[in-house]
Amino acid sequence: MTKDAVTQALSVASEPSIRLTAQPRIIHNSKHSDTTTVWFDVWDSQSGANVKKLNGQYITIGSSRCIIWPAKA
């Protein structure tokens, strides 16, 4: 999984395309795990309309089906 692949998948996931404020951050959950966590910041309005559209949405990155969840504070 690469930053470019994540950015491309997010741009295809919604209409109009979601704008990111920076490159996505990719963290492999462990050396022996096949799961990865990706954090990204979305350029959004005060109402959070773009983030609300993405919440719970599935996207495909490479051959992986991924779900978008908001970060927990």
* To do: For the chain, with a Gaussian network of springs between Cα atoms less than 10 Å apart, report the residue from THR35, THR21, THR60 with the top mean-square fluctuation.
  => THR35
* **³J(HN,Hα), Karplus 6.51/-1.76/1.60, whole Hz, each residue of the stretch 45-60, x for Gly, Pro** => 7, 4, 6, x, 4, 5, 5, 4, 5, 7, 4, x, 7, 8, 10, 10
* Mind sorting out which of (1) 31; (2) 51; (3) 40 is the real percent of Cα pairs over 19 Å apart computed from the coordinates? => (1)
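Just for the stretch 3-67, what percent of DSSP beta bridges are antiparallel, to the closest 5? Please report the intermediate quantities before stating the final value.
On the way: 9 of 9 bridges.
Of those bridges, close to 100 percent are antiparallel.
Every read-out reported here was derived from the displayed coordinates using simple, explicitly stated rules and does not represent laboratory data. All of these numbers come straight from a predicted model, not from anything done at the bench.
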